[in-house]
Amino acid sequence: MKLSPIGIFDSGYGGLTILKEIKKLLPQYDFIYLGDNARTPYGTRSFETVYHYTKECVQWLFEQNCNLVILACNTASAKALRSIQRNDLKNLGEEKKVLGVIRPTAETIGNFSQSKHIGILATNGTVQSQSYLLEVEKFFPEIQIFQQACPLWVPLIENDEFESAGADFFIKKYVEELMAQSPKIDAVLLACTHYPLILKKIQQHLPKNVQIISQGEIVAHSLRDYLNRHDEIESSLSKNGEIQFYTTDEAADFDKHSVNFYGEQIHSTQIAL
Ligand code: DGL
């Protein structure tokens, strides 16, 4: 059997913030990253569209011999993961696995709050799907979740405007709207893989006692646990510490912008789906 890299997927750049943390914890594995930059953002699109786009990208990663694919995108995890797991894996390959970022986050989120009031900042799509409410309820029924959609943050981040005064206005606006829902919120989850880039700015508008939860480390630790529990998957993975990057849009553009998300220069290849 040919050994397999781990596939990491996002609508664009955001999944790089997750891959960065996974690579720190699990440097021995090989990864293939795919960003669907040509069709980003996903956060404002319908369930059907996000499902259709995500399925195509997962299929492409399977064709590159990935047996395990992580949807490093909250919107795709919220809108496409369950349908792919339930309806498509039987046709795409029974032995293949697709995991998302919402469940591992929901499994640990309750440990971050004393007040049991947690705020969630996310895209429209993730908020409307109610996925976090449903998943957190399974593990921490005593926790109250307050959600705030932040539709302008991804465009501001992707257009390199996140340091500007215009960005400050919208960061303050959404953070204040979240906190107005409950003064008891003492932990806020960045439930979009783009948001770690504006973490410091978000922090400036939150009361001092509020802790920010970023997903990268949570997902990385959850993946390590998963591989420890699933030897049949772990033993099928290739381990040369190599990472390949692919984008559905222009590679030079991807390489330029990805530094903000990944912290180092990368060299990507453009693909057509
Ligand atoms: N980074 C994606 C997420 O975690 C959303 C970006 C987009 O809207 O495409 O939800």
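Since every read-out is calculated from the coordinates, none of them should be taken as a lab result. Given the structure is predicted, the values throughout are model-derived calculations rather than measurements. Every residue, glycine among them, receives a Cβ derived from its backbone with ideal geometry; neighbour counts consider all protein chains shown.
If a/c stays under 1.5 just call it rounded; otherwise compare a/b with b/c (prolate if a/b is bigger, oblate if not). Do that for region 1-64, with a ≥ b ≥ c from the square roots of the Cα gyration tensor eigenvalues.
Working: a/c = 3.12, a/b = 1.51, b/c = 2.07.
Verdict is oblate for region 1-64.
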Label points 7 Å out from Cα along the Cβ direction at Glu48 and Gln265: separation in nm? 4.5 nm
Put +1 on the Cβ of every Lys and Arg and -1 on every Asp and Glu Cβ in the chain; which of Val175, Gln59, Asn37 then has its Cα farthest towards the positive end of the dipole? Val175
If the reach is capped at under 18 angstrom between alpha carbons, list the aspartates and glutamates near Lys24, excluding any in the same chain fewer than eight residues apart. Glu217, Asp225, Glu234, Glu242, Glu264
Choice from Lys172, Lys239, Lys200 with maximal GNM fluctuation in the chain (Cα, 10 Å cutoff): Lys200
Would you mind calculating the gained length between Arg224 and Asn124 on full extension (0.36 nm times residue separation, minus the Cα-Cα distance), in nm to one decimal? 33.0 nm
Placing +1 on the Cβ of each Lys and Arg and -1 on the Cβ of each Asp and Glu in region 120-200, which of Gly166, Leu197, Gln147 has its Cα farthest towards the positive end of the resulting dipole? Gln147
Checking Gly93, Gly14, Gly125 against a Gaussian network model of the chain (alpha-carbon springs below 10 Å), the top fluctuating residue turns out to be Gly93
What is region 162-255 by shape, rounded, prolate or oblate, if you read a ≥ b ≥ c off the alpha carbon gyration tensor as root eigenvalues and call it rounded for a/c under 1.5, prolate for a/b larger than b/c, and oblate otherwise? oblate
Greater than 27 Å apart at Cα, pairs in Lys138/Lys172; Lys96/Lys239; Lys173/Lys200: Lys138/Lys172
Taking the chain as a Gaussian network, Cα atoms linked when under 10 Å apart, which of Asn111, Asn159, Asn91 shows the biggest mean-square fluctuation? Asn91
Classify region 69-210 as rounded, prolate or oblate, taking a ≥ b ≥ c as the square roots of the eigenvalues of its Cα gyration tensor: rounded when a/c is under 1.5, otherwise prolate if a/b is larger than b/c and oblate if not. oblate
